[in-house]
Amino acid sequence: MAIAFSSAATGAAEADKIKHSIAVFSGLDKITGRIISFEVAMNETVQFGSLLITDRVCYTRPPTEAPQTDTFVQVDQVDADKTTKRIFSGWMFAASPGLNALDQPVYDIWLTNCKGTEQLIPSPSATQSTPEPEEPEAGAPAGPGNPAPAPPPASDKTAKTHHARHPDAAPAQDNGPVEVGPPPGFQPPPDNGDDGDSDQPPPPDNSNPDR
C-alpha cells in the first residue's frame, strides 16, 4: 500500500492540471438580491434567468502546487423575441472573480469550484521526447550500428574526363562523313609512270620472222 500511495503522489506531483467534469458557479440576481449556486456539467448548458451558461472545461491544481481553479465558459443571453446573443466567451478564475467578469446589467455569475470525476493532465516537462539518432563521428569504423556512408555519384564532368583519357576511345564524330583510311599493312603499288602518254617507242614486234 505504501508503494501505491507513493506512485499516486508522484503522478499528482507531475500533473500540471486536474480536469473535472463539473463546474460550480454562483449567480446573483441584482433585482431581487438573491445568490444562487448551480452546477454545469462539461459541454452542457444550464439556464440562469435569461442567461444560458455552457461550460467547456474546469481545472484545478494538485495539492503540491499553488491553488488555482479556472474554467472556460460561454454565456448567451436570451432576448424577449427568443433570440440568443453571445455576451461572454473566455476564462473565469475562482480566486479572481473580477478578472474576467461577466458584464450584464441584471445578472452576475462567477466560478466557485470544480468537482466531479478527475483526470490528471501531465505537464509538458514530464513528457519525454523521443531522442534523435546521433550522427557517426568522422573516422569511426563501419558496423551494424554505424553503417559506412555511400560513395557520392560520379559527376558528368568526371565521366567525360575519363572517356577522353582512354587510349581506345574513338574520336568524336561530327555531323559530316567519317574519313576512312587504308587498312593496316596496306602497301600501294609502285608507280612506273606508264600513264599512256609516254614518248618511249613500243617494244619490237617479233611475231613475223620474215621481216
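The values are calculated or read from the model by the stated rules, or taken from the named source; none is laboratory data. Given the structure is predicted, the values throughout are model-derived calculations rather than measurements. Counting neighbours? That spans all protein chains shown, and the Cβs are built from the backbone with ideal geometry, glycine included.
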Total residues in the stretch 66-97, condition assigned to a loop (DSSP other than H, G, I, E, B) and either free of Cβ contacts under 8 Å to residues at least 40 places away in the same chain or more than 30 Å from Pro122 (Cα to Cα) (or both): 12
Residue within the stretch 113-124 that is β-branched (Val, Ile, Thr), assigned to a strand (DSSP E or B) and either at pLDDT below 95 or buried (at least 16 other Cβ atoms within 10 Å of the Cβ) (or both) present: yes
In the stretch 64-85, the residues that are exposed (fewer than 11 other Cβ atoms within 10 Å of the Cβ) and out of contact with any helix residue (DSSP H, G or I) (no Cβ under 7 Å at 6 or more places or on another chain): Ala66, Pro67, Asp79, Ala80, Asp81, Lys82, Thr83, Lys85
Residue within the stretch 98-105 that is surrounded by fewer than 16 Cβ atoms within 10 Å (Cβ to Cβ) and in contact (Cβ under 8 Å) with a residue 60 or more places away in the chain present: yes
Matching residues, the stretch 24-40, being surrounded by 14 or more Cβ atoms within 10 Å (Cβ to Cβ), in contact (Cβ under 8 Å) with a residue 60 or more places away in the chain and hydrophobic (A, V, I, L, M, F, W, C): Val24, Phe25, Leu28
